[in-house]
Amino acid sequence: METRKVIIIGSGPAGHTAALYAARADLKPLVIEGHEPGGQLTTTTDVENFPGFPEGVMGPDLMVNFKKQAERFGTEYLSTMVTKVDFSKRPFHIVCENGKEFLAETAIISTGASAKYLGLPNEMSLIGKGVSACATCDGFFFRNQIVHVVGGGDTAIEEATFLAKFASKVYMVHRRDEFRASKAMQTRAFDNEKIEIIWDTEVIEILADDNGVNAIKVKNNKTGEVSERKTDGLFMGIGHTPNTKFLAGQIDLDDHGFIKTAGKHPDTNVHGVFACGDVQDSYYRQAISAAGSGCEAAIRAERFLSEA
């Protein structure tokens, strides 16, 4: 069984950046890309908040360039996903979906977190065309427009509050008659004159034309009434699911399934295993912060190997 100095599980900004730094340190990293090579940015269109691109850049193009840069310095990529790991002893045992198995002296986990969606038929095809799960990423594009946010927790209110800086009106669609969010967050929503709450209501259909989303159909859960609401954008504020199922108790996770790391460092509770990107970050969830944490994870892996 082949042994590698560094195996990076997952790609995206964090994984690619970790690979770049590890490769430049002559660690010859292997990146096991996962089912969504490049991560969530591959499903977005214009990215205007990543430094170095004054005119913006398409998400898929940005990820292609990340990968090319890492490959230039000797990173190897494998198009499969990890299904099982054994972190009980070093070298760590890593099993892939395609049947390949590896041993790793260090492992960097950068499998990200998947945004939760409603499961509506045309939902995924409209991502980047009016449907979004990231107000920080896409809010700027909805200046002086009407948007709707789905959800009733802290995430939804954070999204709505941010969008209110740009949109002319923000409607929050919540299936219950009260929020699950903290009292402080609720106050923030209630006090914002641009935010209006649509209680006891669910989105049942997204309507669109060639230009993207233009309306939604909603159903009132108490009366059963179905109505149509015009909107320029629909934002999902129902949370994220960290992609950590494959770890199966091998590493410490928080109550929401995100990997626990040591304070400001990417170290996990297993020596030699590091985590970066959204899989350990439920707060920022930005490409630039993910890339920065990938750099940190690679530097920590390099120093761990030199001290081992």
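The values are calculated or read from the model by the stated rules, or taken from the named source; none is laboratory data. This structure is a prediction, so every number in the text was calculated from the model and none was measured. Neighbour counts run over all protein chains shown; Cβ positions are idealised from the backbone, glycine included.
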Going residue by residue through segment 243-253, is there one that turns out to be buried (at least 17 other Cβ atoms within 10 Å of the Cβ), within 15 Å of the chain's Cα centre (by Cα) and either charged (D, E, K, R) or under 30 Å from Ile94 (Cα atoms) (or both)? yes
Elements of type strands (runs of 3 or more DSSP E) in segment 208-308, at least 3 residues being of a type in the set (A, V, I, L, M, F, W, C): 212-220, 233-236, 273-275
Restricting to segment 50-84, give me the number of residues that are farther than 13 Å from Leu30 by Cβ, under 22 Å from the mean Cα position of the chain (by Cα) and not in a helix (DSSP H, G or I). 10
For segment 126-145, the count of residues that are in contact with a strand residue (DSSP E or B) (Cβ under 7 Å, 6 or more places away or on another chain) and within 15 Å of Ile206 (Cα to Cα) equals 6
Residue in segment 3-36 that is surrounded by the most Cβ atoms within 10 Å (Cβ to Cβ), counting only those that are in a loop (DSSP other than H, G, I, E, B) and at positive phi: Gly10
Would you check which residues across segment 169-191 are polar (S, T, N, Q) and surrounded by 15 or more Cβ atoms within 10 Å (Cβ to Cβ) and list them? Gln186
I need the full set of residues from segment 275-308 which are hydrophobic (A, V, I, L, M, F, W, C) and over 18 Å from the mean Cα position of the chain (by Cα), in order please. Ala298, Ile299, Ala301, Phe304, Leu305, Ala308
Kindly provide the set of residues from segment 37-74 that are of a type in the set (Gly, Ala, Ser) and either surrounded by fewer than 17 Cβ atoms within 10 Å (Cβ to Cβ) or at pLDDT 95 or above (or both), ordered by number. Gly52, Gly56, Ala70, Gly74
